[in-house]
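Written below as structure tokens is the structure these notes are about.
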Ligand SMILES: Cc1ncc(COP(=O)(O)O)c(C=O)c1O
């Protein structure tokens, strides 16, 4: 079976190692927006250097699928069933905590579409909803794409070409062109509906960070733990370090667990840019989200 990947152009350029890995496994990788779809072509006609977004890559993959009889589409995050599929992570973490007779006080993760955080958190959250624990849940996102911290809770499309059904979620709008931060996996305009519902009801808190402070935290983590995290993961590491310092100052003994969702060995160029002072902190001045329901 042939595997075709529409990879967001900015990630295609920033992360050639990821592209090479997929090609090594046999995938055909196309930078998105591309000339392979009508939608991609229309965007390139307006801007040859379009950086792409996850919403645009989803639109191109969907167009490719519906115009080829032998194609099937596989989504990595955002839809609720994908979050449930990832819950194997949290189920295993629960068993690990049980085996050492420890209960976490705080569960944290970074959010792109929401699946790695939810996969880790939902089994524990189930226990909270049943009134059996009082764990705090914290989701971390970039200030450059602040879906849950500054976005609107409304119905929006999951992709830029408006091919998906409307999803109720926190969104910065499906036309938002996410700035070219190095955390390509967090450049998605919305978040999974079930996660947004939990945020809206106050079961999950969310926080946002700039990429320079995030890379600083990643460097601290690398120097103390020996592991270089992915830039996406570094968002939750920033939160965890800050929270641990707050706990220390308050003499508060807390167990903080986070999902270490990726290593940064394919992102060393991003670390190089950070160390050379070349990273820009982006934040939208204002956010416009269209209302699709009355
Ligand atoms: C290393 C890493 N962490 C986190 C994410 C975002 O994950 P999710 O969509 O599950 O929130 C991505 C997405 O590509 C990623 O590559």
Is one or more of the residues making up the range 264-280 without any contact (Cβ under 8 Å) to a residue 60 or more places away in the chain, outside any helix (DSSP H, G or I) and within 16 Å of the ligand (Cβ to nearest atom)?
yes
Please find, among 75, 54, the residue that is within 13 Å of the ligand (Cβ to nearest atom), within 30 Å of residue 31 (Cα to Cα) and assigned by TED's automatic domain parsing to the domain that holds residue 34.
54
Would you confirm whether any residue within the range 87-106 is closer than 26 Å to residue 173 by Cα and either within 13 Å of the ligand (Cβ to nearest atom) or touching a residue at least 12 places away in the same chain (Cβ under 8 Å) (or both)?
no
Working carefully through the options 194, 206, 178, find the one that is part of a loop (DSSP other than H, G, I, E, B) and either assigned by TED's automatic domain parsing to the domain that holds residue 237 or buried (at least 24 other Cβ atoms within 10 Å of the Cβ) (or both).
178
Residue in the range 231-241 that is within 12 Å of the ligand (Cβ to nearest atom), part of a loop (DSSP other than H, G, I, E, B), within 16 Å of the chain's Cα centre (by Cα) and closer than 20 Å to residue 18 by Cβ present:
no
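The values are calculated or read from the model by the stated rules, or taken from the named source; none is laboratory data. Computed from a predicted model, the values in this text were never measured in an experiment. Every residue, glycine among them, receives a Cβ derived from its backbone with ideal geometry; neighbour counts consider all protein chains shown.
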